[in-house]
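Chemist: Have a look at the structure that comes next, please.
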Amino acid sequence: MAAALSAVVSAKLGCPPAAALGSWKGSRISSRNLVSMKTMTARRGLVSLRSPRFRVFCAAKAETVGKVMQIVKQQLALGEEAKLAPESQFTELGADSLDTVEIVMALEEEFGITVEEDNAQSITTIQDAADLIDKLVAGGGGKPPAAA
Amino acid sequence: MASRSKLSGIQRQVLALYRGFLRTARLKSPEERHRIESVVSAEFRENARNIDRKNFVYIEYLLRRGKKQLEQLKDPDITGLSTLEINKVYKPLNLK
C-alpha cells in the first residue's frame, strides 16, 4: 500500500520516491503546502509549470528532513549509521518528553526560528518537525532566538 | 499522523519550565551555558525518575521553586550554577 502510493506520487511529481513520500505526507495539511509553494514561487520567479514547482518543493522538504534527522541523531546520541525515516517518532528512537524539548530547542537554533509552546508539543515525528520548520521559515512566523 | 497522548497540565508546566531554563542558558557565556544545561538536565531527569507522578503537592512545590530559580537565573550578573547546587545540597531539609 505505502509502496504503491509512493510509486504513484513519485510518477506524478517526477521526484525520487523518498522525497515523494515526504511530499505526500506533507500534503495532508494543505495550508502548509500552499504557504510553502507560494513563497517559493515568489522568491524564485517560478511560473505556472507544475512539475518544476513541485520539484523545488520536494527538494526543499527533503533538505529540511535531512537536517532534522541529523540533529535528532546528535541529540539522542544515535550512531551515524542509525536509519531514520520521516515518520519515525521521537519516542520510538528512545526520546522521553525532556529529550523532545531539547530536540525542538536545537532545531530552533539551527533554523533561526522560535517554536511556540503549543506547536512544540504537537511535534512527535521527524516529518512533523520538518513541516513546521518549513512553515515558520517560509512565513517568517518566528523571530531568531536571543543571541547567546 | 500519529499523535502522542495528551500531556497533563502539570506535565506541560514542567516542560515549559525546562524550556525556560534552556532559553535562559543561551544568554550566558558558552562555558556557563554548558554547565547550566548539564545541571538543569540532571536535576529534571533525577526528579522524573524518583518522584511519584501522583505526588502533586511535592511536584507543585518543585515547580514553584524552579520558577523562582529561573527568575534569579535571568539576572545577567548571576551564573546560577552555585545557586542550583546549594539548593540541591539542602533540598532534604525542605522536606517536612
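Chemist: Is the range A:130-142 home to any residue that is open to solvent by 60 Å² or more (accessible area, probe 1.4 Å), over 18 Å from B:R23 (Cα atoms), modelled with pLDDT under 90 and at the interface with chain B (Cβ under 8 Å from one of its Cβ atoms)?
Modeler: Within the range A:130-142, not a single residue is open to solvent by 60 Å² or more (accessible area, probe 1.4 Å), over 18 Å from B:R23 (Cα atoms), modelled with pLDDT under 90 and at the interface with chain B (Cβ under 8 Å from one of its Cβ atoms).
Chemist: For B:Y18, which of the numbered conditions (1) in contact with a strand residue (DSSP E or B) (Cβ under 9 Å, 6 or more places away or on another chain); (2) modelled with pLDDT of 95 or more fails to hold?
Modeler: (1)
Chemist: Give the residue, chosen from B:R53, B:R4, that is away from every other protein chain (no Cβ under 11 Å) and at pLDDT below 90.
Modeler: Going through B:R53, B:R4 in turn, the sole match is B:R53.
Chemist: Still on this model: Just checking, how many residues over the range B:1-60 are outside any helix (DSSP H, G or I) and surrounded by 17 or more Cβ atoms within 10 Å (Cβ to Cβ)?
Modeler: Total meeting the criteria: 2.
The values are calculated or read from the model by the stated rules, or taken from the named source; none is laboratory data. Note that this is a predicted model, so its numbers are computed, not measured. Don't worry about glycine lacking a Cβ; one is built from the backbone with ideal geometry, like all the others, and counts go over all protein chains shown. Side chains are part of the model used for accessible areas, which takes the heavy atoms of the whole protein and leaves out ligands, DNA and RNA. Shrake-Rupley method; radii C 1.70, N 1.55, O 1.52, S 1.80 Å.
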